[in-house]
Amino acid sequence: MPTPKVVIVGAGIVGTSLADELTARGWTDVTVLDRGPLFATGGSTSHAPGLVFATNPSKTMTELASYTLEKFSTLEHPDGWCFSHLGGLEVATTEARLDDLHRKAGWAASRGVEHELLSPAECLERHPLLDPDQIVGGFFTPRDGLAKALRAAEAQATRAISRGARFVPHTEVIDVVECNGEVRGVRTATGVVDADIVVCCTGFWGREFGRRVGLTIPLVPMAHQYAYTTPLESRHGANSVVAEASLPILRHQDHDLYYREHGDRLGIGYYGHRPMPSDVNALDYDSTVSLEEMPSKLMFTPDDFAEAWDQTITLIPELATGKVDDGFNGIFSFTPDGHSVVGEHRGLKGFWVAEAVWVTHSAGIARTVAEWMVDGAPSVDTHEFDLYRFENAALTDDYILTTSSQSFVEVYDIIHPHDQVAAPRGVRTSPFYDRQAALGAEFWVANLWERPAWFEANQPILDELVAGGLQIPLRDAWSARNWSPISVAEAAWTRSHVAMYDMTPLTRYEVSGPGAADFLQRMTTNNVDKSIGSITYTLMLDDEGGVRSDLTVARLGADLFQVGANGPIDFDWLSRHLPADRSVTLRDITGATCCIGLWGPSARDVVAPLTPTGLTNDGLKYFRCVQTTIGSVPVTLMRVSYVGELGWEIYADAEYGRGLWDLLMAAGAEHRIIAAGRIAFNALRIEKGYRSAGVDMTTEHTPDAAGLSFAVKSSKPEFVGKNALDQRVCPLRLRTLKFDDPAAVVLGKEPVRVDGDVVGYVTSAGWSPTVGACLAYAWLPSDLPDSTAVAVDYLRTSYGALVISDPVVDPEMARIKQ
Ligand code: FAD
Ligand code: THG
C-alpha cells in the first residue's frame, strides 16, 4: 500500500527533523517546501546559537531533549560536528537559585540525566572565565552542549532525501487545499502540490499559517537579544575554527543570561529585556536571505542590553576590557504556557501542527509527531503540548499576547509549582466569587477560573483546632510559599464538621442523543450503560491502553449523561470519536452551570432539610444522582466525593449559584459550615487515595499500574484501548508515601531513592491532618513491598518516608457511605 503523501511546510530544524523521522518509518513520499533558500532559510533555525540544556520541569520535555541531543551527536555533515557534548553549566549567584538547582538536579536524577552539583571552585574548573566569588554553586550536565542547528537540519534532510524525500526552496505555501474536511494539498505560486497530510512547521509564522485553516495556533513571535563580544585574550587560540567552542555552555539565570563560545569570542543571549513581540506581517521577506540579513533577525537594540553587559562583566571579569562587538534581536516563538503546540487539526483531517519548538526538543518533537501519524499514538505523554489543551478564552489575542509575553519574562525565573499567573486574572469566575472574596479567599487560577486556595475567614477555625491540639509543623520558606496553615484547618474541619468546595471549574459535558450510551460505552473502560440515576467512575484510555483521563459518568436519562472530566483535551478526544451519524451531541456545560461540593459528617444535616428528596444512605445511595430541588433552586445532586466524605456535588444552572451558596451557608451555620479551598481539597483526595489525571497518571501508565483496574470492565466486548491492555506491561506502580518527619513537605516531581539509588519520582503531595504527615504519590518499581523505607530529595535535604498501601483514610468506605 502506498504511504500517504506528506507535505511539510517549513525546512527549519523541526521540518527537517520530521522529514527524517517520517522517512525512517517508511513514509517516504515527503515533500518539504520552504519560502527561503536551503538550509539557511531565514527562519529561527538559521541563527540559533544552539544551546541545549535538557533538564526541564517537564518529564516529557526532558526526554525529548535528551533524545534530540543524542540523535544530533550521531548525525554526519561534511562541515563537521552537529552536536558537541561540551556540558551544560548553570551557576547560582543566590541561595534561592542554588535551591532551585538542587530541585533541577532532582528532576535530572529521576529522568536519568547525568548531572553533578558543583561548588564555586568546581564551577571555575569547568569554566575558567567565571569569577568564583560571584557564585554560590552550580549544576553541571555533561551530556548537554551545542547543536549546530543548520548542520543538523541539513544532515537530517540529506538522509531523508536519500530515502525519497524532496526539499523545495523558494516556494511559499499560500494556502491549504481542502475538501470535505480533509487536506488535499497546498497551493504555491507555481501551482498545487497534492498531499494527504500537511504539517505546519513554519516556526514563528505558525500563527499566521494557522489562520488559513481556521486554526488558532497560540504563539507570539518574540525578539530575543543575542550579542557577540570582542575577543577574549585568554581564549586566544583555545578553539579551532572547526571546534568553535570547548567551554561548557553556561547559564546565569539570576540575570536572564546565557553564554557560549564562538572561537575566542563569547555569544551572549539575554531574556532580561522588555518583551518585544513582533508583527510578522511587517517583516521584510524577499528571496535575498543571507546569514547576515534574514527576516528572523531584527536590528540589535543596545539600550535593551545595557543591564546584560553590566551583569556579564561582573560574572566574567575579563570582559571588562571588552565590549559588545555585534548583535541582533532574533525572533522565535513563545506560547501562553511556554510549551510547544503539537497535534492534528480536529476540523481538517490531515492538517498537523508542530510549532513553538526549540532546537533543544526538535528531534524529540519530530519523533513524537511521526509516531503519532504513523503508529497512531505517540510513545510519550503529550498532554503538556497538545494543540487542544487551551480553553476558548486562552485562544483570544489578548490572552495569547499577555501570557506569552509573561512566558518570555519568566523563562529563567525560579517558578514555584503553585505560583499563579499575574495577568490576565478574573477571566472566569463562578457565581460564588463575590461571596468567596468576602471570606478572604486567596484565589488561584485553573483553566482561567478563579478558584479559592484557602479562606482567610477560616483563621478562627485554625486557632480553635490548634488550641484543641492540631499540630501544624512550621514550613521552610519554599514550601510556605503559596500556602497557609489555614488550609490544614480547612481539611481537618471537612473530616470533623462540614465544608463547601467550589467545584464549578470541574469540566463537565452533557452527552445526549440516541447514540450517547453506546458512545460512552465505547470511549470508556467501565460499564456506564446502567440505570438512570447511576454514576460510574471510569477511565478514558488512548489506543495503546494508556490512561488519558478519568471521568464520572452520571446517567440523567435514557439518552442523557453528564460527564465530569479533566479539561479541554478530554473534550477534544471525545469530539474526535463522535459517531458520524450525529446520534450523539457533546456539549461543554461548565460555564453555564455551577457546582458546590458539600462534604463532611454533618453534610446530611445541612442539606436534608432543604430538599424533598430523601437523603438517607439508602434514599440516595453512594454513586447515585437525582434531579431535585434545594430551596427554590432546581439542582442535580450527585453522591460523589473526591475528598472522601459523606456529601454531594450539587449542580445548578449558573444563575442560581449565588442564591444556592447563600442558602447552604445559612442552613449550615448551625453546623458550623465553612467554605474550604483547593489545598485542603488536594490533601483530602490524596488521603482517600484518589488520583489526579495528568498529574498522577498519564498515557504512559496503564490503569493497573495506576491502581485503577477496578474501573476497567474487562467483560465489556470493546472500548478504546482495550486490545492494547493485554500486551502492555508497566514496570511501575503508583504508590503512596508517608513521610516520617511531620515537618517534611514535598511539592511534586522529587526523586525517590531506595538505598541511595533513584527508583522513582513523586507526582503530587499534600499535608494530611488526619495522619499528621505529608502524603505523596510516587511512581515506583512494582515489586517494592509495603513499608519499604525510601528517601525523597527535597531542595538541599532528603526526607525519609515509607511506602504504604492506600487509601490512608476510610479504606472500608464507612465515612462516605454512612
Ligand atoms: P524556523 O527555523 O523558523 O523554520 C520555519 C520555516 O518555515 C522557515 O524556514 C520559513 O521560511 C518557513 N516558512 C514559514 N512560512 C512559510 C510558508 N508560508 N511557506 C513556506 N515556508 C514557510 N533554541 C534552542 O533550543 N537553543 C538555543 O540556544 C536557542 N537560541 C535562540 C537564540 C535566538 C536569538 C533565537 C531567535 C532563537 C533561539 N532558539 C534556541 C529557538 C530556536 O531557534 C527555534 O525555536 C527553532 O529554530 C524553531 O525551529 P522551526 O523549525 O520551528 O522554525
Ligand atoms: N467529580 C466529578 N467528576 C470528576 C471528578 C470529580 N471527574 C474528573 C475527576 N474528578 C475524576 N476523579 C475522580 C477520582 C475518584 C473518584 C471520583 C472522581 C471516586 N472514586 C471512587 C473510589 O475510588 O472509591 C469510585 C468508587 C466506585 O467506582 O464506585 O469517587 O471530583 N463529578
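Numbers for the structure displayed
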item: Strands (runs of 3 or more DSSP E) completely within the range 574-646 that count 1 or more residues being within 14 Å of ligand 2 (Cβ to nearest atom), within 19 Å of Met500 (Cα to Cα) and of a type in the set (A, V, I, L, M, F, W, C); result: 593-599, 625-630, 633-638
item: Pairs, first over 22 Å from Glu182 (Cβ atoms) and polar (S, T, N, Q) in the range 3-17, second within 16 Å of ligand 2 (Cβ to nearest atom) and not in a helix (DSSP H, G or I), C-beta under 7 Å, six or more apart; result: none
item: Leu232 in contact with a Leu (Cβ under 6 Å, 6 or more places away or on another chain) and farther than 30 Å from Gly36 by Cβ; result: no
item: Single residue of Val511, Val547, Val498 found to be more than 23 Å from Ala565 (Cα to Cα) and of a type in the set (A, V, I, L, M, F, W, C); result: Val498
item: Criterion: touching an Asp or Glu at 6+ places or on another chain (Cβ under 6 Å) and either of a type in the set (Lys, Arg) or at pLDDT 95 or above (or both) - qualifying residue of Trp573, Trp599; result: Trp599
item: Any pair with Cβ under 6 angstrom, 6 or more apart, that starts in the range 502-515 at a residue that is within 18 Å of Leu551 (Cβ to Cβ) and within 11 Å of ligand 2 (Cβ to nearest atom) and ends at one that is of a type in the set (Val, Ile, Thr) and not in a loop (DSSP other than H, G, I, E, B); result: Tyr509/Val563
item: Test for Thr45: is it in contact (Cβ under 8 Å) with a residue 40 or more places away in the chain, hydroxyl-bearing (Ser, Thr, Tyr), more than 11 Å from ligand 1 (Cβ to nearest atom) and surrounded by 23 or more Cβ atoms within 10 Å (Cβ to Cβ); result: no
item: In the range 179-202, residue farthest from ligand 1 (Cβ to nearest atom) [restricted to those that are in contact (Cβ under 8 Å) with a residue 60 or more places away in the chain and in a loop (DSSP other than H, G, I, E, B)]; result: Gly181
item: Any hit, the range 29-36, residues being away from ligand 1 (no atom under 13 Å from the Cβ), assigned to a loop (DSSP other than H, G, I, E, B) and closer than 30 Å to Gly164 by Cβ; result: yes
item: One residue from Ser430, Ser487 being touching a residue at least 60 places away in the same chain (Cβ under 8 Å), part of a helix (DSSP H, G or I) and over 23 Å from the mean Cα position of the chain (by Cα); result: Ser487
item: Cβ pairs under 7 Å, 6+ apart, first in the range 433-450 and in contact (Cβ under 8 Å) with a residue 40 or more places away in the chain, second aliphatic (A, V, I, L, M) and in a helix (DSSP H, G or I); result: Leu439/Ala457; Leu448/Ala393; Leu448/Ala394
item: Residue in the range 417-430 that is hydroxyl-bearing (Ser, Thr, Tyr) and closer than 22 Å to Asn566 by Cβ present; result: yes
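Rundown of residues vs (1) farther than 20 Å from Gly694 by Cβ; (2) surrounded by fewer than 17 Cβ atoms within 10 Å (Cβ to Cβ), yes/no style:
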{"position": "Glu510", "(1), (2)": "yes, no"}
{"position": "Gly515", "(1), (2)": "yes, no"}
{"position": "Lys530", "(1), (2)": "yes, yes"}
{"position": "Arg576", "(1), (2)": "no, yes"}
{"position": "Arg582", "(1), (2)": "yes, yes"}
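Here's the yes/no breakdown for (1) within 12 Å of ligand 2 (Cβ to nearest atom); (2) within 15 Å of Lys713 (Cβ to Cβ); (3) at pLDDT 95 or above:
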{"position": "Ala491", "(1), (2), (3)": "no, no, yes"}
{"position": "Met523", "(1), (2), (3)": "no, yes, yes"}
{"position": "Val528", "(1), (2), (3)": "yes, yes, yes"}
{"position": "Ile532", "(1), (2), (3)": "no, no, yes"}
{"position": "Leu551", "(1), (2), (3)": "yes, yes, yes"}
{"position": "Gly557", "(1), (2), (3)": "no, no, yes"}
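The values are calculated or read from the model by the stated rules, or taken from the named source; none is laboratory data. Since the structure is predicted, the reported quantities are computational estimates derived from the model, not experimental observations. Cβ coordinates were reconstructed from backbone atoms using ideal geometry, including for glycine residues, and neighbour counts include every protein chain displayed.
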